[in-house]
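Below is one structure, written out as structure tokens, with a few remarks after it.
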Amino acid sequence: MWDRKHFLSIYDLSREDVNEVVAKGLDLKSKHHRGTLEPMLKGKAMGMVFRKPSLRTRMSFEMAMEGLGGHALYISDEEIKLGRREAVCDVARVMSRYVDVIMIRTFDQAEIEGLAEYASVPVINALTDMYHPCQVMGDVMTVAEHKGKIEGLKVAFLGDGNNVANSWVNAAAKLRFHMVLGMAEGYEPDAGILERARKDGAGIDMTYDAMEAVKGADVIYTDVWAGMGQEDEVKKRKADLGHLQVNDRLIEAAKEDVIVLHCLPAHRGDEITDSVMDGPHAVVYDEAENRMHIQRAIILELLMK
């Protein structure tokens, strides 16, 4: 069991921590489908702070708590105005009196770190512009579910070097798989995060050639080219990143049993084609479901100490 109070980044965990949580997530999924999940969090409550809206994040965390016998309280940005109407330190201290764990989906990583500094209960990073750790933990679980493992595999990430890419880089620093970043110039992951991972021995290569990135890949991963708050950049990003589209031609260059992941929502016809999204290699809906199971595992690690 990890000795961290909060879950702010995959990089904060050890290799053993990641593997333990993934194994627990798979076990919880099995129990969920067998109907044998126990209400281990009966009487526990989670405060969910959303400065960015989301379908999967809200549903997966609410149902994660519900399935374990707990309760989740949704708090919108309009209600709290974190850091504007009320100081982050005051919000953290007050929420800690009401709930047992705080989940936040926001913009600035420093905002989450501020909450964690002043909260007396665990804080979970449900997304920032820098990291998306719960998503990538669920992705690692999905790869393990379909491939039996992730270590030793080749994972190709194609697209924008965004918060998801940064979290994949952190995962590569902890788990020994070969990661290839298929990028466009000016859209690379955070240089400091990448350098830190390589210093830790992560096997990470970067290329601007999509075909080279996916050649022999066990896993292909993509994400939207223009995320929330980047709507005015859509036209430029389509032009800059268009060569990284995951399509049938790229699938043929990967291993015969390659699996394709996408964290959703997908802009079909942009970063991924319908034929791949709906094809036999895609496991995106397993991946979406696994957010709920891996988050149950994370919550239990934080609360059941």
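The values are calculated or read from the model by the stated rules, or taken from the named source; none is laboratory data. The shown structure was predicted, so the numbers you read here are calculated from the model rather than taken from an experiment. Every residue, glycine among them, receives a Cβ derived from its backbone with ideal geometry; neighbour counts consider all protein chains shown.
Computed values, structure above
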| item | result |
| --- | --- |
| Hey, residue 69 touching a Lys or Arg at 6+ places or on another chain (Cβ under 7 Å) and more than 22 Å from residue 141 (Cα to Cα) or not | yes |
| Failed criterion for residue 16 (all others in (1) touching a residue at least 12 places away in the same chain (Cβ under 8 Å); (2) in the same structural domain as residue 106 (by TED's automatic domain parsing) hold) | (1) |
| Matching residues, segment 248-277, being of a type in the set (Lys, Arg) and closer than 20 Å to residue 216 by Cα | 249, 255 |
| Subset tally (residues that are within 21 Å of residue 247 (Cβ to Cβ) and not in a helix (DSSP H, G or I)) for segment 136-168 | 9 |
| Filter pass, residue 96 being loosely packed, with under 14 Cβ neighbours inside 10 Å and among the polar types (S, T, N, Q) | no |
| Helices (runs of 4 or more DSSP H) contained entirely in segment 169-251, each with at least 3 residues that are touching a helix residue (DSSP H, G or I) at 6+ places or on another chain (Cβ under 8 Å) | 191-199, 210-214 |
| Residues satisfying the stated conditions in segment 197-211, i.e. under 11 Å from residue 158 (Cβ atoms) and of a type in the set (D, E, K, R) | 209 |
| Residue 186 being under 15 Å from residue 241 (Cβ atoms) and not hydrophobic (A, V, I, L, M, F, W, C) | yes |
| Selection within segment 204-252 - among the small types (Gly, Ala, Ser) and surrounded by fewer than 16 Cβ atoms within 10 Å (Cβ to Cβ) | 216, 229, 239, 242 |
| Residue in segment 119-133 that is aromatic (Phe, Trp, Tyr), within 18 Å of the chain's Cα centre (by Cα) and within 30 Å of residue 45 (Cβ to Cβ) present | yes |
| Residue match in segment 74-82 (condition: within 20 Å of residue 292 (Cβ to Cβ), surrounded by fewer than 18 Cβ atoms within 10 Å (Cβ to Cβ) and acidic (Asp, Glu)) | no |
| Within segment 1-116, helices (runs of 4 or more DSSP H) holding 1 or more residues that are modelled with pLDDT under 95, among the charged types (D, E, K, R) and farther than 19 Å from residue 299 by Cβ | 77-80, 88-98 |
| Unique match (being farther than 22 Å from residue 7 by Cα and among the hydrophobic types (A, V, I, L, M, F, W, C)) among 202, 171, 210 | 210 |
